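Comments concern the structure below.
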Amino acid sequence: MISLDKNKFLIILIAPSGGGKTTIRQAVLAREDDVEYSVSFTTRKPREGEVDGVDYCFISLEEFTERIEQGDFLEHANVHGNLYGTSHSFIKNKMNAGKHVLLDIDVQGAKQILGKGVNAVTIFILPPSESILKKRLNRRGTDTKEVIEHRLKNAASEIDQIRHFDYLVINDKVEDAIKDVICIIRSEEKKIERLENIKDIFYGG
Ligand code: 5GP
């Protein structure tokens with residue numbers, strides 16, 4: 001089993017495309033000093049405005065394969081034809097520095113991490129209904145009708161797997177969803193099982 005600090009944990013955000021995951025993730029990171037983002041590696045080409053090392057580490061297929069062979073990925077998956085991976089050493093460094101680490105990954109990756117028995121809290125984010133998800137995807141104006149249909153189908157198969165995860169946050173009003181995610185993190189920190197030396201602290205001081 002991969003050992004990660006007990007008091008610090010991974011926070012995995014999972015959502016269908018259009019679920020509002022990026023907005024929520026950015027707000028949580030901006031507001032919470034002790035939460036750091038896990039910058040994934042990908043073979044996808046950068047989109048306009050994306051910064052290497054900030055949004056993703058953009059690498060070649062060869063480098064990605066090498067990293068798999070070296071065992072650096074805690075998980076990796078093919079998402080819509082591109083490879084994405086979470087670096088174990090990146091996460092370890094952040095946790096050693098006393099941070100929780102927030103991951104924005106897909107269902108396959110989240111399940112791989114859970115399968116390894118890693119100390120992770122998984123949060124599934126959903127819009128209030130399929131019709132609202134459809135409206136949001138249409139409103140973005142970035143995708144064709146076919147792509148939107150494809151995303152809706154993907155959403156259905158992702159929702160089918162929701163029972164693997166810990167929490168559901170409904171993203172109706174985004175501000176409420178952001179607060180819910182922060183609230184989950186703070187509650188998880190207070191779990192007795194995460195707290196070591198409680199007696200030493202209580203009786204020692
Ligand atoms: P995009 O290319 O649009 O930024 O992301 C596409 C999908 O890949 C999103 O669902 C995102 O959460 C997922 N993703 C991003 N990084 C990783 C990763 O390291 N591992 C996995 N499994 N999925 C990822």
Exercise. Determine whether region 21-37 contains at least one residue that is touching a helix residue (DSSP H, G or I) at 6+ places or on another chain (Cβ under 7 Å), under 18 Å from G85 (Cα atoms) and near the ligand (Cβ under 10 Å from one of its atoms).
Key: no
Quiz item: Could you list, in sequence order, the residues of region 95-119 that are within 7 Å of the ligand (Cβ to nearest atom) and either in a helix (DSSP H, G or I) or touching a His at 6+ places or on another chain (Cβ under 7 Å) (or both)?
Solution: Q108, G109
Exercise. Test V39 against the criterion of being within 27 Å of E189 (Cβ to Cβ), within 12 Å of the chain's Cα centre (by Cα) and not in a strand (DSSP E or B), and give yes or no.
Key: yes
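Going by the structure shown, is I59 more than 10 Å from the ligand (Cβ to nearest atom), surrounded by 13 or more Cβ atoms within 10 Å (Cβ to Cβ) and β-branched (V, I, T)?
Details: more than 10 Å from the ligand (Cβ to nearest atom): yes; surrounded by 13 or more Cβ atoms within 10 Å (Cβ to Cβ): yes; β-branched (V, I, T): yes.
Yes.
Checking the conditions here, which among D34, D55, D72 is over 27 Å from I148 (Cα atoms) and free of Cβ contacts under 8 Å to residues at least 24 places away in the same chain? Please lay out each step first, then the result.
Details: D34 fails: free of Cβ contacts under 8 Å to residues at least 24 places away in the same chain; D55 fails: over 27 Å from I148 (Cα atoms).
Answer to the selection: D72.
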Exercise. Just one of (1) touching a residue at least 12 places away in the same chain (Cβ under 8 Å); (2) within 14 Å of the ligand (Cβ to nearest atom); (3) not in a strand (DSSP E or B) trips up T86, so point out which.
Key: (3)
Exercise. Would you tally the residues in region 98-111 being surrounded by fewer than 18 Cβ atoms within 10 Å (Cβ to Cβ) and in contact with a strand residue (DSSP E or B) (Cβ under 8 Å, 6 or more places away or on another chain)?
Key: 1
Practice problem: Within region 166-199, track down each residue that is assigned to a loop (DSSP other than H, G, I, E, B), surrounded by fewer than 13 Cβ atoms within 10 Å (Cβ to Cβ) and either polar (S, T, N, Q) or at pLDDT below 95 (or both). | Solution: K190, K191, L195, E196, N197
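The values are calculated or read from the model by the stated rules, or taken from the named source; none is laboratory data. Values in this document were obtained by computation on a predicted structure and should not be read as measured data. Neighbour counts are summed over all protein chains in view; Cβ atoms, including those assigned to glycine, are modelled from backbone coordinates with ideal geometry.
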